[in-house]
Amino acid sequence: MDTVEKLQREWREYLAPGAEVNDGNEPFELSDDAWRARLEGDAYQVLRREATEWAGSSPLNAEKRRGLFVCAGCGAPLFTSAMKFDSGTGWPSFFTSVPGALGTKVDRKLFMKRTEYHCARCGGHHGHVFEDGPAPTGLRYCNNGVALRFIARDGR
């Protein structure tokens with residue numbers, strides 16, 4: 001397996017030729033009405049209201065092609081297919097992310113302390129990170145599938 005640093009550094013190699021992603025550092029901000037218009041159903045609830053989709057409901061959980069997972073809210077690159085693993089939880093899971101793509105905060109909503117992560121560019125909620133993932137990081141970024149969009153490397 002590639003080193004984590006190499007996977008992070010070379011994330012652009014997973015992008016389809018000619019595809020563009022929003023990897024700038026400038027914040028992406030919209031009004032709540034604009035977010036509602038931009039995002040469909042559950043994606044709005046997850047990204048803007050910190051909801052959680054049902055386990056096993058996302059087709060991205062079974063996605064195995066080479067490519068890039070971007071924020072469904074703003075298109076920022078978050079994870080590559082090489083960072084993904086099958087956690088058995090029913091949600092797309094990753095052991096690391098594109099550098100600088102995610103921000104975190106403490107979540108105490110379920111009577112326990114968890115680490116929530118969100119898109120650093122638009123602030124959209126993606127999921128929680130746990131310390132029960134595989135080597136080499138031991139982390140599991142448990143992501144809501146509706147908060148992601150997949151761009152296959154082969155363009156399909």
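Please treat every number below as a calculation from the coordinates, not as lab data. Here the structure is a predicted model, which means the values were calculated and not measured. Quick reminder, even Gly has a Cβ in these numbers, built from the backbone with ideal geometry, and neighbours come from all protein chains shown.
Comparing mean-square fluctuations of Gly67, Gly100, Gly145 from a GNM of the chain with C-alpha springs under 10 Å, the top value falls on Gly100. Computed as a quarter of the hull surface, the mean projected area of the alpha carbon convex hull for the stretch 1-99 stands at 7.3 nm². The residues packed around Ala120, meaning those with a beta-carbon under 14 Å from its beta-carbon, carry a net charge of -2 if Lys and Arg are +1 and Asp and Glu are -1. The slack in the chain from Asp33 to Ala62, taken as 0.36 nm per residue of separation less the alpha-carbon distance, amounts to 7.2 nm.
Close amide-amide hydrogen proximity is noted between Ala120 and Leu102, Gly103, each under 5 Å apart and 5 or more residues distant or on a separate chain (H modeled in the peptide plane; Pro and chain starts excluded). The HN-Hα couplings worked out from phi for the stretch 34-40 by the Karplus form 6.51 cos²θ - 1.76 cosθ + 1.60 (θ = phi - 60°) are 5, 4, 4, 6, 7, 10, 8 Hz, whole numbers, x standing for Gly and Pro.
Say R0 is 25 Å: what FRET efficiency, to the nearest 0.05, do Lys113 and Gln45 get from their beta-carbon distance?
With R0 = 25 Å, the Cβ-Cβ based efficiency is 0.60.
Working from label points 7 Å from Cα in the Cα-to-Cβ sense, the Asp154 to Ala135 distance is 3.2 nm.
When the chymotrypsin sites (Phe, Trp or Tyr not before Pro) in the stretch 98-147 are filtered for DSSP coil states and for at most 16 other beta-carbon atoms within 10 Å of their beta-carbon, the remaining sites are Phe111. The lysines within cross-link reach of Lys105, meaning a Cα-to-Cα straight distance under 17 Å and a gap of 8 or more places when in the same chain, are Lys113. Among Asp107, Asp33, Asp86, the largest mean-square fluctuation in a Gaussian network model of the chain, built with springs joining Cα atoms closer than 10 Å, belongs to Asp33. Each residue of the stretch 48-63 was assigned a 3J(HN,Hα) from its phi angle through the Karplus curve 6.51 cos²θ - 1.76 cosθ + 1.60 (θ = phi - 60°); the sequence is 9, 10, 6, 6, 10, 6, 5, 4, x, 8, 9, x, 5, 4, 9, 5 Hz, with glycine and proline shown as x. Backbone phi angles across the stretch 88-98, fed through the Karplus curve with coefficients 6.51, -1.76 and 1.60 (θ = phi - 60°), yield HN-Hα couplings of x, 8, x, 10, x, 10, 9, 9, 7, 9, 5 Hz in residue order; Gly and Pro are listed as x. Each other residue within a Cβ distance under 12 Å of Val129 adds +1 if Lys or Arg and -1 if Asp or Glu, for a net charge of -1. Separation of the stretch 103-150 and the stretch 1-70, taken as the distance between their Cα centroids, equals 12 angstrom.
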